[in-house]
1. Which of the residues spanning the range 10-38 are away from the ligand (no atom under 16 Å from the Cβ) and closer than 21 Å to Glu55 by Cα?
2. Just one of Asp177, Asp94 is within 12 Å of the ligand (Cβ to nearest atom) and within 20 Å of His240 (Cα to Cα); which is it?
3. From (1) aromatic (Phe, Trp, Tyr); (2) closer than 30 Å to Ala296 by Cα; (3) surrounded by 21 or more Cβ atoms within 10 Å (Cβ to Cβ), pick out the condition that doesn't hold for Tyr174.
4. Scan the range 189-208 and give yes if some residue there is closer than 30 Å to Arg25 by Cβ and either of a type outside the set (A, V, I, L, M) or in contact with a His (Cβ under 6 Å, 6 or more places away or on another chain) (or both), otherwise no.
5. For a quick check of your reading of the model, give me the residue pairs whose first member lies in the range 108-127 and is in contact (Cβ under 8 Å) with a residue 12 or more places away in the chain and more than 22 Å from Leu22 (Cβ to Cβ), whose second is in a loop (DSSP other than H, G, I, E, B) and more than 16 Å from the ligand (Cβ to nearest atom), with beta-carbon atoms closer than 6 Å and at least 6 apart or on different chains.
6. On the given criteria, is Gly57 buried (at least 18 other Cβ atoms within 10 Å of the Cβ) and modelled with pLDDT of 95 or more?
7. Sort out which residues of the range 268-302 are surrounded by 15 or more Cβ atoms within 10 Å (Cβ to Cβ), touching a residue at least 40 places away in the same chain (Cβ under 8 Å) and in a helix (DSSP H, G or I), and write them in order of number.
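The values are calculated or read from the model by the stated rules, or taken from the named source; none is laboratory data. In this text the structure is predicted, and so the values were computed from the model without any measurement. Positions of Cβ are backbone-derived with ideal geometry, glycine not excepted, and every protein chain shown enters the neighbour counts. Keep in mind that these areas ignore ligands, DNA and RNA; they rest on the heavy atoms of the full protein, side chains included. Shrake-Rupley method; radii C 1.70, N 1.55, O 1.52, S 1.80 Å.
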Amino acid sequence: MASRVIPVDPFDLVIFGGTGDLARRKILPALYRRFVAGQFGADTRLTGAARGEMETGAYRALVRDALMEFAPEAAADTGTRDAFLDMLAYVALDARGEDGWEALAARMRSGPIRAFYFSVAPGLFGDLAHRLHRHGLTDETARIVVEKPFGHDLDSARDLNRTLARHFDEGRIYRIDHYLGKETVQNLMAIRFGNVLFEPLWNSQYVDHIQITVAESVGVGGRAGYYDHAGAMRDMVQNHLMQLLCLIAMEPPARFAPDAVRDEKLKVIRALDPVARDHAVRGQYEAGHDQPGYRAQVGNPDSRTESFVALKAHVSNWRWAGTPFYLRTGKRLRARTSEIAVVFKDAPHSIFGAEAGRHRNILTIRLQPNEGIELGVTIKEPGPGGMRLIDVPLDMTFAEALGPEEADFPDAYERLIMDVIRGNQTLFMRGDEVEAAWAWTDPIIAGWETEGAAPLAYATGSSGPEDALMLMHRDGRRWREIRP
Ligand code: NAD
């Protein structure tokens, strides 16, 4: 059975930073795939706007090359690809000056929805918002999409919210966190709120602890300058891991509607206790596997920026008091794997005796690789020899459960960009959520800065520094293995 595609209303989309890395790798391939899927028609206008003169023909060639690299299926269907490229034009424009804005205005139609994607450095977000307004480009349909990072700390995030609010209502601002666009992340909500099975157990009475791991095997790569200024806490924890924690911990919203969901997430962030100093571990990778260490890679021999963070967090409310949330993320770890594990408590009494061993139910939500959900259940080991227990997974790997066609779901960017056009903000962060998340992470970062110690070294290809393992061992628990 093919997936159902509901076409969106006609739209004009401007990608500020349309020649940049993110536009080429993610935004344009995502648009191409939604076009191929039939979600929008050739009456759409797509505009790349960036610094630097370029003819539209040259821009189309640049986008064609990007598609060949990042949406290689585009090579086979030249007809569809050319129809897509025909929708594109380029406008040379300076976010900080007046050049190019008239040309952009001339390209906007009245009638279709207007969306402006800010895929430029965050320092330009305010300039773009201001100039869009000044040049009369915003009508009642206009909406803006802003990329991460949303601020560097609470103060800068507040400033940015205030700046954007001068020109756009909150209902027009789409703050992207692409983790929220992932199929499994939305499935987490379906699992929790679409079944009666889990919700009665979803609390500290039955859940021993929760682990959230987002592990990368690569190092900082090409974004070294940005990363060394940010670090894992700002780059990953404040946004992506925090969003995952919220979806696990939040109360059931009354409806699957933008503010109903975001109100519940905000309550979770506000219920987080400050993190004790010995509950926050940070690390920095060393050279290994023929790759330079972090400091060499970012070209900063004294860098104290963390490429790894592990935290023990507490959500202080009735549901979660006593159930810790362990979070970790880092680069150059053993494998690229992201998962959430809900580890349930032991059965209150074992009728099988001590020799049956200790068994626990674990619900694992895998974000990558092999998106899917797995529930570990305890059964009798088959065969004679008495009552021996083993744990087996009830595995719902989507590709297997749904068949390859159904499981070929849109990439996060495809879904999120279409949500912008549909005007659905459920999977986008609200301004107050972002600020609350900074208010929680800022003191952790400030604590490290005051302390002045360097992050702990860890080996490339490992699971992070020893202290991160100890964070759980001290509590008589252990991290799940980071496996490919
Ligand atoms: P990039 O440096 O590759 O591209 C920047 C783009 O902005 C270019 O098109 C450039 O011409 C344009 N630009 C620069 N100054 C301008 C000005 N004064 N006026 C108009 N246009 C101007 O950057 P990127 O990696 O594509 O990142 C874009 C945004 O997306 C940033 O906010 C970044 O933090 C965010 N982001 C990027 C990635 C990624 O993997 N690249 C991931 C997440 C978030």
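1. Selection gives Asp12, Tyr32.
2. Exactly one residue qualifies, and that residue is Asp177.
3. It is condition (2) that Tyr174 fails.
4. Taking every residue of the range 189-208 in turn, none turns out to be closer than 30 Å to Arg25 by Cβ and either of a type outside the set (A, V, I, L, M) or in contact with a His (Cβ under 6 Å, 6 or more places away or on another chain) (or both).
5. Pro112/Pro10
6. Spelling it out, it is not the case that Gly57 is buried (at least 18 other Cβ atoms within 10 Å of the Cβ) and modelled with pLDDT of 95 or more.
7. Scanning the range 268-302 gives Val268, Ile269, Arg270, Ala271, His279, Tyr294, Gln297, Val298.
Residues are listed down the side, and each one gets a yes or a no for (1) under 18 Å from the mean Cα position of the chain (by Cα); (2) within 16 Å of the ligand (Cβ to nearest atom); (3) at pLDDT 95 or above:
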site: Ile144; (1), (2), (3): no, yes, yes
site: Arg158; (1), (2), (3): no, no, yes
site: Phe198; (1), (2), (3): no, no, no
site: Gln211; (1), (2), (3): yes, no, yes
